[in-house]
Amino acid sequence: MKFRYIFVFFLFSCSITNQFNDEIPYKTRFDDGLSFFEEEKYNRAIAQFNIIVERATHTDLGDDALFFLGESYYLSKQYDLALIEFEKLVTRMGFSPYLEKSRWRICESLMALSPNYFHDQDSSLKAITEIQQFLDDFPNSEFSLEADKLIKELRLRLAQKNMESGYLYVKLKAYDSAIKSFEVVVNDYYDTKFIEDAHSEIIKSLILLDKIDESNEYFKELMDNPAISSDVKSRVKKLSGKS
């Protein structure tokens, strides 16, 4: 008798948790999901779109449901899940009318998931690559200006990461390693606000290594370089203590 009650309770529990009803048409589910979406009830929208994505991808509602599932995740700030759904759409539905917006959402999701400058920056590099590919594929996109803005923000973050690494090496008196970090900024992130500091820190580190001649040569080449603006040269002079 005891086992019978347990079995009945198990069946009752399953009937409560399994909310899927095969009798509800997919179009009705999609319309309900869209209503929830427009009302910003994203979790309820996700529940409806998810059922269609899992069971009716082959129908005309397939890419619509997948896109709005990704949008629901994105707008509810579940960026990791949004990324998965948008990547599914791009991979499976190359001719979808949602392709460009999905590609852009992938860029935005990667940006949202990329850490602050003091953490590992692999995801920032991936985000830059994805955004550049987006601009190559959609050069006239309405999101082009925003894409350029994101790239600049990510490059600034990467430059700052290398500057902070360089400063740490200086504190540890590991000047060779410091120079390498500052050189990354000079060579790869020359268009950021850290360029003058990077040049001046290289000069200072060379002096601390007692490489005076090399320091003077670096400074002279910098001053003689017509590609370097006079403002940058003036600031490097001031920061490095050179005249």
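Just so you know, all these numbers are worked out from the coordinates, no wet-lab data involved. This one's a predicted model, so the numbers in the text were calculated from it and none came from an experiment. No Cβ is skipped: glycine too gets one built from the backbone with ideal geometry, and neighbour counts run over all protein chains shown.
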Stretched out fully, how many nm does the piece from residue 84 to residue 149 gain, at 0.36 nm a residue minus the Cα gap?
21.0 nm
Expected vector for segment 79-92, Karplus 3J(HN,Hα) from phi with 6.51, -1.76, 1.60 and θ = phi - 60°, integer Hz, x for Gly and Pro, equals 5, 5, 6, 4, 4, 4, 5, 5, 5, 4, 4, 4, 6, 8
Straight distance only, please: which aspartates and glutamates reach the Cα of residue 173 with their own Cα at less than 15 Å, same-chain residues fewer than 8 apart left out?
164, 201, 210
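Obtain the radius of gyration and the Kirkwood radius of segment 52-132 from its C-alpha atoms and give Rg over Rh. Please list the in-between numbers first.
Numbers: Rg = 13.4 Å, Rh = 13.0 Å.
That ratio equals 1.03.
Take each of the peptides 214-220, 101-107, 134-140, 180-186, average the number of other beta-carbon atoms within 10 Å over its residues, and list them starting from the highest.
Values: 214-220: 15.7, 101-107: 22.4, 134-140: 12.3, 180-186: 20.4.
Highest to lowest by the protection proxy: 101-107, 180-186, 214-220, 134-140.
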Expressed in nm to one decimal, what extension gain is obtained for the pair residue 138 and residue 210 from 0.36 nm per residue of sequence separation less their Cα-Cα distance?
20.8 nm
Whole-Hz couplings from phi, Karplus 6.51/-1.76/1.60, listed for segment 24-36; x for Gly and Pro:
7, x, 4, 5, 5, 4, 5, 4, 5, x, 5, 5, 4
Relative to the first principal axis of the alpha-carbon coordinates of the chain, what is the inclination of helix 42-55, with its axis defined by its Cα atoms, in degrees from 0 to 90 and to the nearest 10?
70 degrees
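Would you work out if the chain is rounded, prolate or oblate? Take a ≥ b ≥ c from the square roots of the eigenvalues of the alpha-carbon gyration tensor; rounded if a/c is under 1.5, else prolate when a/b is larger than b/c, oblate otherwise. Don't skip to the answer; put the middle values down first.
Working: a/c = 4.76, a/b = 2.47, b/c = 1.93.
Cα axes put the chain in the prolate bin.
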Between helix 230-240 and the chain: long-axis angle, C-alpha atoms, 0 to 90°, nearest 10
80 degrees
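Under 8 Å for C-alpha pairs, at least 6 residues apart: give me the relative contact order for segment 133-243, rounded to a whole percent. Don't jump to the answer; show the numbers that get you there.
On the way: 92 pairs, mean separation 21.8, N = 111.
Reported as a whole number, the value is 20 percent.
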Using only the Cα atoms of segment 113-243, each taken as one equal point scatterer with no solvent, compute I(q) by the Debye sum, divide by I(0), and report log10 of the ratio at q = 0.16, 0.22 Å⁻¹.
-0.83, -1.21
Max mean-square fluctuation residue, GNM over the chain, Cα-Cα springs under 10 Å, options 94, 70, 62
94
Separation of the residue 188 and residue 229 label points, Cα + 7 Å toward Cβ, nm:
2.3 nm
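How high is the relative contact order of the chain, in percent, with contacts defined as C-alpha pairs under 8 Å that are six or more residues apart?
On the way: 241 pairs, mean separation 21.2, N = 243.
After rounding, I find 9 percent.
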Helix 144-171 sits at what angle to the longest principal axis of the chain, using alpha carbons and giving 0 to 90 degrees rounded to 10?
50 degrees
Using a Gaussian network model of the chain whose springs link C-alpha atoms within less than 10 Å, name the residue from 171, 233, 193 with the highest mean-square fluctuation.
171
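Work out, step by step, the length gained on full extension between residue 95 and residue 172: first 0.36 nm times the residue separation, then minus their alpha carbon distance; give nm to one decimal.
On the way: separation 77, 0.36 × 77 = 27.72 nm, distance 5.46 nm.
So the extension gain works out to 22.3 nm.
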Hey, got the dipole for the chain? About the Cα centre, +1 on K and R Cβ, -1 on D and E Cβ, debye to the nearest 20?
880 debye
